[in-house]
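The values are calculated or read from the model by the stated rules, or taken from the named source; none is laboratory data. All values reported here derive from a predicted model rather than from experimental measurement. No Cβ is skipped: glycine too gets one built from the backbone with ideal geometry, and neighbour counts run over all protein chains shown.
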Amino acid sequence: MKIVRILFVCTGNICRSPMAEAVFRQMIVEAGLEDRFEIASGATSRWDLGDPPHPGTQAVLRRHAIPLDPLKRAEQISAADFYYYDYILAMDQENLSDMARFPAEKVHLLMEFAPGKPESVPDPYYTHNFDYVYDLIQAGAKGLLEHLRKEQGL
């Protein structure tokens, strides 16, 4: 049985990507597929390395009863990640550009999997709109899971 490895990526790994990691993990648990996936998140920058997820991310996940690993800390992606993970999901065009030097076939915008929604997930670190970001991530994660079910025969 093939394990599908997913890496969510944003700028600092304290807002969007840990939220996406937690949301997608909850979706696969609810679908009974937790043994088929490995899920992680990382940052394109070094800004917040070692920091826990932003309080806004923690709060919105709590409101939706989505568990967040209490040991989760921001970490930066590495070149090895581009060979290890099957899907690398960026939150916005800037994140995508930051990863341009790596093999592109595995790299996607999360919102590619949510037709009819905006192309990018805005950074709530600046907008403070964590609820809107949660809604976009939910839509992207749902579409991603549907895509993977078809592609992987799950």
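Within the range 133-153, being within 16 Å of the chain's Cα centre (by Cα) and within 19 Å of Tyr85 (Cβ to Cβ) holds for Ile137, Gly140, Ala141, Gly143, Leu144, Leu145, His147, Leu148.
Condition check ((1) among the aromatic types (Phe, Trp, Tyr); (2) crowded, with 17+ Cβ neighbours inside 10 Å) across all residues:
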residue	(1), (2)
His54	no, yes
Arg62	no, no
Ala65	no, no
Lys72	no, yes
Tyr85	yes, yes
Glu94	no, no
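The one condition from (1) under 19 Å from Met19 (Cα atoms); (2) crowded, with 17+ Cβ neighbours inside 10 Å that Lys106 does not meet is (1). Scanning the range 115-141 for residues that are touching a helix residue (DSSP H, G or I) at 6+ places or on another chain (Cβ under 9 Å), in a helix (DSSP H, G or I) and either without any contact (Cβ under 8 Å) to a residue 12 or more places away in the chain or charged (D, E, K, R) (or both) yields Thr127, Asp131, Tyr132. Count of the range 46-67 residues, restricted to those that are modelled with pLDDT of 95 or more and farther than 12 Å from Cys15 by Cβ, is 6. Filter the range 110-122 down to the residues that are surrounded by fewer than 19 Cβ atoms within 10 Å (Cβ to Cβ) and under 14 Å from His147 (Cα atoms), then identify the one that is modelled with the lowest pLDDT. Applying the filter and picking the extreme gives Pro115. Mind listing just one residue for me: the one in the range 30-61 that is closer than 20 Å to Thr127 by Cα and among the β-branched types (Val, Ile, Thr) and, of those, farthest from the chain's Cα centre (by Cα)? The qualifying residue farthest from the chain's Cα centre (by Cα) is Val60.
Picking from residues in the range 14-35 that are of a type in the set (Asp, Glu) and farther than 14 Å from Gly140 by Cβ, the one that is surrounded by the fewest Cβ atoms within 10 Å (Cβ to Cβ) is Asp35. Of the residues making up the range 123-132, those that are farther than 16 Å from His64 by Cβ and either modelled with pLDDT under 95 or over 15 Å from the mean Cα position of the chain (by Cα) (or both) are Tyr125, Tyr126, Thr127, His128. Evaluated against (1) surrounded by fewer than 15 Cβ atoms within 10 Å (Cβ to Cβ); (2) in contact (Cβ under 8 Å) with a residue 12 or more places away in the chain, Lys150 falls short on exactly one condition, (2).
The test for being under 23 Å from Leu148 (Cα atoms), in contact with a Gly (Cβ under 6 Å, 6 or more places away or on another chain) and not acidic (Asp, Glu) does not hold for Ile137.
Considering Ala90, Ala79, Ala104, Ala114, the condition of being over 16 Å from the mean Cα position of the chain (by Cα) and farther than 21 Å from Gly50 by Cβ is satisfied by Ala104 alone.
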